[in-house]
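**Student:** Quick one: structure below, then a few questions.
The values are calculated or read from the model by the stated rules, or taken from the named source; none is laboratory data. Just so it is clear, the structure is predicted and the values come from calculations on it, not from any experiment. Cβ placement follows ideal geometry from the backbone for every residue including glycine, while neighbour counts extend to all protein chains displayed.
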């Protein structure tokens, strides 16, 4: 099917009719002419860039750099334009006339200048080197062939072993195999750290991490203090979870002496960011039910959930152009194995890149990724100019996707969908425990290990010969996790995490997304559904769709703090999350009586 692009004429028509945002000082016609002209070229280059990157991420062939070179060329064309001296000077000039601009003009000019800082042509050689290095790193990361005991395996297969295997020696082999890509990525990561910093320093930013944080209207210290505050508030619960997990895992693996810290290969996730698959909730064994379904059914059922609350069916182009299912493990062509959603042209062409299999994890992930897709679809409207077709902030995209994933796993929803019987008895505490092993555990990986590692790398110029030591120091401090054995600097275990390479210096997005998620979910449960937040059924409630559409519709044309306050009546805080898991705390304390706590009472 022919791809629908946003033409220059359409972009200008949208902009001329755009009314989102109040107009303080009126509309600056000269500024608007500049914005219109910029938008026309930006949309054209953005579409070409996304197409090239899509091919580069879905068709990775050993020894064939054709797609990588094409992606580099498209990235370079975008960089040349967004970082041009003329665009920087014009954006600065008009922003100096703020009193003559409408709010929405200011936001677009801020976007133009923010984009320029990552690609300033005043340091064109450095930008060119960075683009080349980024594309090379992607090819190494996703073109890597994982091997286990002499056999080719996929990351899905390694993950499956870590979720199900009870033989710790076999677990160790799988965990070790998952880290083999790290050394291949280390030199590229060191180079990228340096190039990313040098690029944004040309427009006055101290470093790349600070640049990324500035998109929230915050400074690095403010963001790190916010991460610490979230972890402090949740620390008592995490301490109980950590103690419980140590003892239960030791029992499961037949280990007599319970270790003080969790060995990384004991955990069901390669980075210890999600422990939820260790918990089986009686009556909620979705894997056994979903095994009888097809991978296609998983995605279609996700679409059905969104349609039921008032969203449109996905366009046919989504099904025609997405890459939703895994390639065979021995395929000569590889693809990015990290689930993602793509807004190809800032208009109607939306796609997802996944490797869906019929199990509970992909059931939840599909609902999550479709949340991104429906966010794209909703803010693609005449009131939001193409430059502001983003989430209210980066965390909102993740929050809405994750919230829909959470809602799809709650018992009333599953009963309503016929995936479990109405008479099935389930343990509400076990359900909460499973959720906490995901979202609460994740906060300490995202706010603690990931954010602090990238802050150290970019802001503090962490020496390259300390990367692995720093990674494991942080994992121990914040997650209470240690490697199976000593890991020297010949390894680069941080680089095995996708985002360190190709979505850098913004993992706090995911931490903030969980906080926003629970605030939104709490509001939906109590004010729209009038149900217990721990036992909801979103299916078929158009009020939820209306609530979400109001948040999604404005894109980034409205300040993210205002969006949260207007939608929930509250500012950003972890209260909803703490309230949600309150019944779990006393239960865990009872289970942990007589057990040794190794994490301190207060967050270190």
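**Student:** Of the residues 199, 243, 210, which single one is under 23 Å from the mean Cα position of the chain (by Cα), on the phi < 0 side of the Ramachandran plot and assigned to a helix (DSSP H, G or I)?
**Tutor:** Unique residue meeting the criteria: 210.
**Student:** Further question: Only residues that are assigned to a helix (DSSP H, G or I), farther than 13 Å from residue 455 by Cβ and out of contact with any helix residue (DSSP H, G or I) (no Cβ under 6 Å at 6 or more places or on another chain): list them for region 213-233, please.
**Tutor:** 214, 215, 216, 229, 232, 233
**Student:** Please determine whether any residue of region 428-442 is closer than 19 Å to residue 279 by Cβ and out of contact with any helix residue (DSSP H, G or I) (no Cβ under 9 Å at 6 or more places or on another chain).
**Tutor:** Yes, region 428-442 contains at least one residue that is closer than 19 Å to residue 279 by Cβ and out of contact with any helix residue (DSSP H, G or I) (no Cβ under 9 Å at 6 or more places or on another chain).
**Student:** Being crowded, with 19+ Cβ neighbours inside 10 Å and in a loop (DSSP other than H, G, I, E, B) narrows it down to one residue among 486, 505, 494; which is it?
**Tutor:** 505 is the lone residue from the list that is crowded, with 19+ Cβ neighbours inside 10 Å and in a loop (DSSP other than H, G, I, E, B).
**Student:** If a residue has to be farther than 20 Å from residue 547 by Cα and either free of Cβ contacts under 8 Å to residues at least 12 places away in the same chain or within 13 Å of the chain's Cα centre (by Cα) (or both) to count, how many in region 361-395 make the cut?
**Tutor:** Result for region 361-395: 1.
**Student:** I'd like to verify a number: residues in region 203-225 that are surrounded by fewer than 19 Cβ atoms within 10 Å (Cβ to Cβ), at pLDDT below 95 and closer than 26 Å to residue 495 by Cβ, how many?
**Tutor:** 1
**Student:** Taking into account only those residues within region 277-310 that are at pLDDT below 95 and within 14 Å of residue 408 (Cβ to Cβ), which is surrounded by the most Cβ atoms within 10 Å (Cβ to Cβ)?
**Tutor:** 284
**Student:** Right, another one. Are any of the residues in region 519-538 surrounded by fewer than 16 Cβ atoms within 10 Å (Cβ to Cβ), under 23 Å from residue 377 (Cα atoms) and in contact (Cβ under 8 Å) with a residue 12 or more places away in the chain?
**Tutor:** Among the residues of region 519-538, not one is surrounded by fewer than 16 Cβ atoms within 10 Å (Cβ to Cβ), under 23 Å from residue 377 (Cα atoms) and in contact (Cβ under 8 Å) with a residue 12 or more places away in the chain, which makes the answer no.
**Student:** So, in region 410-445, exactly how many residues are surrounded by fewer than 21 Cβ atoms within 10 Å (Cβ to Cβ) and not in a helix (DSSP H, G or I)?
**Tutor:** Of the residues in region 410-445, 11 are surrounded by fewer than 21 Cβ atoms within 10 Å (Cβ to Cβ) and not in a helix (DSSP H, G or I).
**Student:** Scan region 157-172 and give yes if some residue there is surrounded by 16 or more Cβ atoms within 10 Å (Cβ to Cβ), touching a strand residue (DSSP E or B) at 6+ places or on another chain (Cβ under 6 Å) and either modelled with pLDDT of 95 or more or within 30 Å of residue 437 (Cβ to Cβ) (or both), otherwise no.
**Tutor:** no
**Student:** Output the residues belonging to region 125-156 that are buried (at least 17 other Cβ atoms within 10 Å of the Cβ), more than 24 Å from the chain's Cα centre (by Cα) and assigned to a helix (DSSP H, G or I).
**Tutor:** 126, 127, 128, 129
**Student:** I would also like to ask the following. Against the conditions (1) within 22 Å of residue 504 (Cβ to Cβ); (2) touching a residue at least 40 places away in the same chain (Cβ under 8 Å); (3) surrounded by fewer than 20 Cβ atoms within 10 Å (Cβ to Cβ); (4) more than 22 Å from the chain's Cα centre (by Cα), where does residue 187 fall short? Just the number, please.
**Tutor:** Going through the list (1) within 22 Å of residue 504 (Cβ to Cβ); (2) touching a residue at least 40 places away in the same chain (Cβ under 8 Å); (3) surrounded by fewer than 20 Cβ atoms within 10 Å (Cβ to Cβ); (4) more than 22 Å from the chain's Cα centre (by Cα), residue 187 breaks only (2).
**Student:** Continuing with this model, one more query. Can you pull out the residues in region 307-335 that are over 16 Å from residue 405 (Cα atoms) and in a helix (DSSP H, G or I)?
**Tutor:** 316, 317, 318, 319, 320, 321
**Student:** Report, by residue number, each residue of region 311-326 that is closer than 15 Å to residue 339 by Cα and surrounded by fewer than 17 Cβ atoms within 10 Å (Cβ to Cβ).
**Tutor:** 325
**Student:** Additional query: For region 271-306, enumerate the residues that are more than 23 Å from the chain's Cα centre (by Cα) and assigned to a loop (DSSP other than H, G, I, E, B).
**Tutor:** 279, 280, 281, 282, 283, 284, 285, 291, 292, 293, 294
**Student:** Of (1) more than 30 Å from residue 548 (Cα to Cα); (2) under 27 Å from the mean Cα position of the chain (by Cα); (3) not in a helix (DSSP H, G or I), residue 455 satisfies all except one. Which?
**Tutor:** Going through (1) more than 30 Å from residue 548 (Cα to Cα); (2) under 27 Å from the mean Cα position of the chain (by Cα); (3) not in a helix (DSSP H, G or I) one by one, residue 455 breaks only (3).
**Student:** Oh, and also: I'm told residue 105 meets every condition in (1) more than 30 Å from residue 173 (Cβ to Cβ); (2) surrounded by fewer than 21 Cβ atoms within 10 Å (Cβ to Cβ) except one. Can you identify the failing condition by its number?
**Tutor:** Evaluating residue 105 over (1) more than 30 Å from residue 173 (Cβ to Cβ); (2) surrounded by fewer than 21 Cβ atoms within 10 Å (Cβ to Cβ) leaves (2) as the failure.
**Student:** I'm checking my understanding of the structure. Among residues of region 575-598 that are farther than 21 Å from residue 231 by Cα and without any contact (Cβ under 8 Å) to a residue 24 or more places away in the chain, which one is surrounded by the most Cβ atoms within 10 Å (Cβ to Cβ)?
**Tutor:** 590
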